[in-house]
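Working notes for the structure below.
The values are calculated or read from the model by the stated rules, or taken from the named source; none is laboratory data. Nothing here was measured: the structure is a model prediction, and the numbers come from that model. When we count neighbours, we look across all protein chains shown, and the Cβ atoms used for this are built from the backbone with ideal geometry, even at glycine.
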Amino acid sequence: MEASFIFKQLQFMSHAKPFLSRLTAIAALVGVSAPLSALATNGYFAHGYGVQSLGAAGVAVALPQDALVIASNPAGISQLSNRADVGLTLFSPRRDATIEGSPVPGLNGHYSGDGKKNFWIPELGYVRQLQGPLTFGLALYGNGGMNTRYERNPYAALGGQGRAGVNLEQIFISPALSYKLTPQHSVGLALNLVHQRFAAKGLQGFDQAGYTAAPGNVTNVGTDTSNGFGLRLGWLGQITPELKVGASWSSKVRGRFDKYQGLFADHGNFDIPSSFGLGLSYQLTPAWQVAADYQRILYSQTQSVGNPLQRFLEGKQLGNDGGPGFGWKDIGVVKLAVIHRYSDALTLRAGYSHAQQPIPRDQTFFNVLAPGVVQDHLTAGFTWKLNAHGSVSAYAAHAFSKTVSGQNAIPASLLGGGEANIRMKENILGVAYGWTY
């Protein structure tokens with residue numbers, strides 16, 4: 001691509017409609033202020049991005065439907081018309097734990113982590129076709145998170161005080177460019193600007209020498225923040241008139257919570273792991289379309305997430321290089337969707353997704369704080385075209401209840417032994433308004 005051509009595109013963008021600058025300002029404001037926690041669906045990643053995709057089990061890599069496709073495959077915006085999308089999701093998880101078989105007085109029992117039950121999650125997206133083969137896009141969305149609030153502290157018998165729980169929030173602001181190599185093939189690049197927030201409470205029993213390398217930096221030190229950036233790359237190809245195939249990859253994003261350097265391995269390290277996806281969509285008839293995605297999330301890349309609790313038995317303390325963590329495994333996610341264009345005005349969607357279990361049975365004790373165990377989602381949604389430019393989309397999703405029962409979960413030599421069983425389920429509702437022009 002010639003330098004003069006690129007300059008013309010940038011000049012064109014600088015004179016774009018005032019709507020773009022207003023949307024960017026709104027995105028920055030929401031990025032600072034919006035509470036985007038409790039997104040745990042596939043581990044602590046969201047099961048999809050954008051209300052239309054979420055109604056189709058999160059399928060999007062080869063199925064661009066709205067501007068939030070940037071979060072799955074930035075090459076998809078080449079397939080869209082000029083548009084803007086604004087959405088809001090109500091996320092309602094239920095999480096609890098049972099500890100049994102422990103000889104520690106007062107540790108056994110049932111604990112509810114539902115001190116806060118409902119969370120509002122906004123999303124924003126914008127796409128504009130530029131001159132020539134370039135398309136610009138911008139998306140703001142919650143990538144993931146986790147929230148628990150135990151009014152009755154599960155760790156009180158070990159020295160915990162007050163309520164216990166964690167709150168992890170991750171928000172992405174992603175400007176993107178997509179380039180049409182040919183009419184059938186496009187490639188895309190998104191810059192992921194990431195803001196993370198984290199807080200932990202009620203873990204005073206672990207905030208002492210012998211358990212942590214940095215006493216005073218494990219719990220109840222307020223909310224800490226971290227900023228980082230990464231890249232997302234994508235490709236989308238029209239293989240036949242009916243078949244589209246896509247692929248995407250997201251890099252690791254560096255993160256660190258200094259206030260919690262005594263909790264997280266590597267002195268507070270909390271990187272967002274890399275992930276990749278493959279997708280296809282097939283147009284069965286003018287009215288019926290099927291699609292599928294495969295996503296791989298590499299949780300083991302983040303030591304504070306992937307290292308097992310049993311690192312304690314190797315002489316490692318919380319916060320050490322290679323220290324104990326939550327023991328999460330890398331997971332694969334399969335997503336299946338069907339779309340029916342019932343009429344010119346109404347499009348219906350449904351989907352199902354299944355994820356591998358990130359939390360092994362011998363890692364449940366620490367994951368009472370972060371019981372991201374749900375594996376199966378059933379979704380349904382629709383888009384109603386209001387007029388030539390505007391449409392309303394909505395969806396509902398249910399993550400089926402899942403329990404992971406502990407097996408050698410509480411180290412006997414360190415904490416006396418016993419088991420922790422963790423459970424989670426979720427209901428999700430979302431609505432969005434889309435405007436094309």
SER174, sole failed condition from (1) farther than 24 Å from GLY434 by Cα; (2) in contact with a Pro (Cβ under 8 Å, 6 or more places away or on another chain); (3) of a type in the set (Gly, Ala, Ser): (1)
Name the pairs whose Cβ atoms lie under 7 Å apart, with the first residue in region 299-313 and closer than 15 Å to LEU263 by Cα, the second surrounded by fewer than 20 Cβ atoms within 10 Å (Cβ to Cβ) and among the acidic types (Asp, Glu), and 6 or more positions between them or separate chains? GLN303/ASP266; SER304/ASP266
Does region 78-99 contain any residue that is in a loop (DSSP other than H, G, I, E, B), at pLDDT 95 or above, over 30 Å from ARG361 (Cβ atoms) and aliphatic (A, V, I, L, M)? yes
Between residues in region 37-57 that are farther than 17 Å from GLY76 by Cα and residues that are at pLDDT below 90 and in a loop (DSSP other than H, G, I, E, B), which pairs lie under 7 Å by C-beta distance while being six or more apart or on different chains? ALA46/LEU39; HIS47/THR41
From the list PHE276, PHE257, pick out the single residue that is in contact (Cβ under 8 Å) with a residue 24 or more places away in the chain, closer than 29 Å to PRO175 by Cα and under 17 Å from the mean Cα position of the chain (by Cα). PHE276
For region 123-145, name all the residues that are crowded, with 22+ Cβ neighbours inside 10 Å, modelled with pLDDT under 95 and out of contact with any Asp or Glu (no Cβ under 9 Å at 6 or more places or on another chain). ASN143
Every residue from region 113-146 that is touching a Lys or Arg at 6+ places or on another chain (Cβ under 8 Å) and closer than 26 Å to THR98 by Cβ: GLY113, ASP114, GLY115, LYS116, LYS117
Select from region 193-231 the residues that are in contact (Cβ under 8 Å) with a residue 60 or more places away in the chain, in a loop (DSSP other than H, G, I, E, B) and under 28 Å from the mean Cα position of the chain (by Cα) and write down the one among them that is surrounded by the fewest Cβ atoms within 10 Å (Cβ to Cβ). ASN217
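Kindly evaluate LEU313 against the criterion of being in a helix (DSSP H, G or I) and out of contact with any His (no Cβ under 8 Å at 6 or more places or on another chain).
On the way: in a helix (DSSP H, G or I): yes; out of contact with any His (no Cβ under 8 Å at 6 or more places or on another chain): yes.
Judged against the criteria, LEU313 is a match.
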When region 140-154 is checked residue by residue, the ones that are more than 15 Å from LYS117 (Cα to Cα) and outside any strand (DSSP E or B) are ARG152, ASN153, PRO154
Take VAL187 and tell me if it is surrounded by fewer than 23 Cβ atoms within 10 Å (Cβ to Cβ), in a strand (DSSP E or B) and aliphatic (A, V, I, L, M). yes
